Amino acid sequence: MKYRVNVGLDYNQQNTGQFQGTDTYFRPNQGNRAQVRNSQTQAWTIENVVTYDKTIKDKHHLTVTGLYSAQQSSTYFTQVERDSVTADFVQYYNLGLSSNTGPTFLSGDDKPGA
């Protein structure tokens with residue numbers, strides 16, 4: 001009888017920022033705009049494998065394999081957009097200095113799944 005365990009871990013982090021200046025190609029006749037997006041994903045997988053080999057009277061060979069697997073994945077995401085950032089040099093580094101607030105998205109999922 002043989003036993004084997006497989007373990008897999010996954011971590012992914014993405015942080016992006018974008019700034020569009022006043023009256024540019026992307027925002028003609030409009031004020032500046034900044035955006036920050038951050039996401040983080042953590043996942044794990046564990047597999048237990050049991051194999052049983054048996055030879056009967058040197059004529060027959062029997063192999064039985066059993067497997068149990070479990071996995072979980074969690075993802076967290078934030079996004080903030082702001083219009084009319086007070087000064088262009090601030091860009092997306094301090095969105096608290098902007099006068100208008102765009103949409104803000106926060107999400108988290110810590111349910112087991114793929």
Taking just the alpha-carbon atoms of the chain, what radius of gyration and Dmax come out, in angstrom? 26.4, 88
Under a Cβ-only charge scheme (Lys and Arg +1, Asp and Glu -1), can you give me the dipole magnitude of region 2-109 about the Cα centre, in debye to the nearest 20? 540
Sorting 79, 65, 19 by the position of each Cα along the dipole of the chain (Lys, Arg +1; Asp, Glu -1; all at Cβ), the one nearest the positive end of that ordering is 65
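Rounded to two decimals, what is the ratio between the C-alpha radius of gyration of region 1-55 and 2.2 N^0.38 Å? Please list the in-between numbers first.
On the way: Rg = 25.2 Å, N = 55, 2.2 N^0.38 = 10.1 Å.
Compared with the compact-globule rule of thumb, region 1-55 sits at 2.50.
Applying a 10 Å radius around every beta-carbon, put 35-41, 78-84 in order of their mean neighbour count, most first.
Values: 35-41: 15.7, 78-84: 18.0.
Highest-to-lowest ranking by the protection proxy: 78-84, 35-41.
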GNM, the chain, Cα, under 10 Å: largest mean-square fluctuation among 31, 96, 66? 66
May I ask for the distance between the Cα centers of region 4-54 and region 57-100, given as a whole number of Å? 4
Between residue 86 and residues 5 or more places away or on another chain, which pairs have amide H atoms under 5 Å apart, with H built 1.01 Å from N, and which residues are they? 98, 99
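In region 1-71, which chymotrypsin sites (Phe, Trp or Tyr not before Pro) fall in coil by DSSP and have 15 or fewer other Cβ atoms within 10 Å?
Answer in residue order: 25, 26.
Values quoted throughout were computed directly from the atomic coordinates according to the rules given, and no laboratory measurement underlies them. What you see is a predicted model; the values in this text were computed from it and never measured. All Cβ positions, glycine included, derive from the backbone under ideal geometry; neighbour counts span all protein chains shown.
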